[in-house]
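First the structure, then my questions, so here it is.
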């Protein structure tokens with residue numbers, strides 16, 4: 001007889017995640033600075049987003065956005081790969097009982113990179129096909145708005161079910177992309193809505209903090225600094241907040257995985 005898995009405890013996961021950050025803060029921020037803060041800052045300063053066009057011409061705005069992403073793709077794509085390796089390295093630092101050095105964690109992140117990227121490509125293709133099917137059905141019944149109504153919640157649930165793929169690859173060292181996706185699906189079974197609510201609250205809180213901090217800092221910087229310097233300082237603040245959010249999210253993913261996988265060791269003791 002199979003023992004039922006206990007329900008996911010978001011408070012416990014949050015406690016483990018924040019404990020991990022407190023215990024390993026210096027190395028985590030150093031790694032996040034290299035893989036997230038500096039690339040994000042460079043992207044913001046070298047490829048600033050164009051100002052919105054006046055007049056509300058939707059076709060022109062779509063063309064402007066397409067041109068921007070076409071120009072930035074040669075830089076954004078390698079950056080996304082680098083940040084994927086950074087995510088896997090952070091997971092290794094947070095959870096590996098062998099107490100890896102930062103260099104070892106980085107090498108471990110790159111070692112897990114190819115199977116993780118393969119799993120994300122498979123997942124992306126699956127989600128893309130699902131969106132096309134939903135859009136086709138919605139268009140077929142003459143209700144185009146139905147595509148958004150269906151795609152958003154279904155997409156959120158599916159992303160949640162596969163959210164533990166990174167720790168499965170980095171921590172459990174599963175190297176088969178399809179098996180890693182299946183393992184994440186199994187781990188989140190029965191706890192999908194709890195896990196989804198946990199991460200939705202984190203993202204909502206960050207969005208509020210980001211909005212408030214950037215709004216207030218933007219006003220202050222515009223008053224006390226020249227325009228160009230204010231833009232640079234604002235970009236530094238935004239990139240720093242973004243790197244901090246990545247650390248928090250990765251720590252929460254690691255804690256969620258540890259709880260659902262039934263691991264005995266507490267996340268956050270790697271460098272104690």
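The values are calculated or read from the model by the stated rules, or taken from the named source; none is laboratory data. Note that the coordinates shown come from a computational prediction; the quantities given were computed from them, not determined experimentally. Virtual Cβ from ideal backbone geometry, glycine too; neighbours counted across all protein chains shown.
Could you tell me whether segment 227-234 includes any residue that is modelled with pLDDT under 95 and under 25 Å from residue 170 (Cβ atoms)?
No, segment 227-234 has no match at all.
Here is a follow-up. Got a number for residues in segment 174-189 being in contact (Cβ under 8 Å) with a residue 60 or more places away in the chain and assigned to a helix (DSSP H, G or I)?
5
Could I ask something else about it? So which helices (runs of 4 or more DSSP H) stay within segment 1-99 end to end and still have 1 or more residues that are at pLDDT below 85, over 21 Å from the mean Cα position of the chain (by Cα) and exposed (fewer than 11 other Cβ atoms within 10 Å of the Cβ)?
The qualifying helices (runs of 4 or more DSSP H) are 38-46, 58-95.
Assess whether residue 208 counts as being touching a helix residue (DSSP H, G or I) at 6+ places or on another chain (Cβ under 8 Å) and either within 25 Å of residue 115 (Cβ to Cβ) or without any contact (Cβ under 8 Å) to a residue 12 or more places away in the chain (or both). So that I can check it myself, show each step before the final result.
On the way: touching a helix residue (DSSP H, G or I) at 6+ places or on another chain (Cβ under 8 Å): no; either within 25 Å of residue 115 (Cβ to Cβ) or without any contact (Cβ under 8 Å) to a residue 12 or more places away in the chain (or both): yes.
Here the answer is no, as residue 208 does not meet what is asked.
I would also like to ask the following. So, residue 114, is that one in contact with a helix residue (DSSP H, G or I) (Cβ under 6 Å, 6 or more places away or on another chain) and either surrounded by 21 or more Cβ atoms within 10 Å (Cβ to Cβ) or under 23 Å from residue 35 (Cα atoms) (or both) or not?
Taking the combined requirement at face value, the residue does not satisfy it.
When you look at residue 228, is it more than 18 Å from the chain's Cα centre (by Cα), over 28 Å from residue 84 (Cβ atoms) and assigned to a helix (DSSP H, G or I), yes or no?
Considered against the rule, which asks whether it is more than 18 Å from the chain's Cα centre (by Cα), over 28 Å from residue 84 (Cβ atoms) and assigned to a helix (DSSP H, G or I), residue 228 comes out as yes.
Among the residues of segment 107-124, are any part of a loop (DSSP other than H, G, I, E, B) and at pLDDT 90 or above? Before you say what the answer is, go through the steps one by one.
Step one: filter segment 107-124 for residues part of a loop (DSSP other than H, G, I, E, B), giving 112.
Restricting the remaining residues to those that are at pLDDT 90 or above gives 112.
Checking segment 107-124: at least one residue is part of a loop (DSSP other than H, G, I, E, B) and at pLDDT 90 or above.
Looking at segment 153-172 only, could you name the residues that are surrounded by fewer than 24 Cβ atoms within 10 Å (Cβ to Cβ), part of a helix (DSSP H, G or I) and touching a residue at least 40 places away in the same chain (Cβ under 8 Å)?
156
Going by the structure shown, is residue 121 over 30 Å from residue 22 (Cβ atoms) and either surrounded by fewer than 12 Cβ atoms within 10 Å (Cβ to Cβ) or touching a strand residue (DSSP E or B) at 6+ places or on another chain (Cβ under 8 Å) (or both)?
yes
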